[in-house]
1. Enumerate the amide H contacts of ARG76 below 5 Å, restricted to partners 5 or more residues apart or on another chain; note that Pro and chain-start residues carry no placed amide H.
2. With every protein chain left in place, what is the accessible area of SER62 in Å² (1.4 Å probe, nearest 10)?
3. Convert each backbone phi in the range 71-78 into a coupling constant with the Karplus relation 6.51 cos²θ - 1.76 cosθ + 1.60 (shift: θ = phi - 60°), then list the ³J(HN,Hα) values in order as whole Hz, x for Gly and Pro.
4. If you count only protein heavy atoms and use a 1.4 Å probe, how large is the accessible surface of VAL60, to the nearest 10 Å²?
5. Would you pull out the residues with amide H under 5 Å of ASN51's amide H, same chain only if 5 or more places away, H placed 1.01 Å from N?
6. Mind jotting down the distance between the C-alpha centroids of the range 45-76 and the range 1-17, whole Å?
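The values are calculated or read from the model by the stated rules, or taken from the named source; none is laboratory data. The model shown is predicted, which means the values in this text are computed figures rather than measured ones. For accessibility, only protein heavy atoms count, side chains too; no ligands or nucleic acids. Shrake-Rupley method; radii C 1.70, N 1.55, O 1.52, S 1.80 Å.
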Amino acid sequence: MPSHWWEEVKRSSQRYNVNPFLAAAVAWIEGNGWDNDRIGRSPYWGPMGINEQCPVPYRVLSNPLSNIRVGVAALRGSNPEAVLKRYNAKWFKDHYIRDVLALQRQLERRAQFLVRFSGKPAGREAS
């Protein structure tokens, strides 16, 4: 994920109490692997794949950072499966939830590995 997108995912995730790795996983799947050249060629916009029917102005949906804010806000909730089903309600498939949650776990494991490898403290000590 481009670093400025990741920074926005972290800010928005903290603001809306959303797991940032869940948001990053949604962005990977909805945004075609975070590829700017492949984003927006459907009725879904930006890295979070927000439907053009969303009651948000086009200028917000077409700006990647604003798109991330809107998408992360839509991921609020305590049950990831229900949140993902709601997020992708129109084209919901069971494999979508499995893919997003598997990618979330993979991103979390990778982050933990990088923190351990770098020697930087993890958890509360990292602040």
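1. For ARG76, whose amide H was placed from the backbone, there are no distant partners under 5 Å.
2. Rounded to the nearest 10, that gives 50 Å².
3. x, 5, 4, 6, 8, 5, x, 8
4. For VAL60, the solvent-accessible surface is approximately 40 Å².
5. For ASN51, the qualifying residues are TRP45.
6. 13 Å
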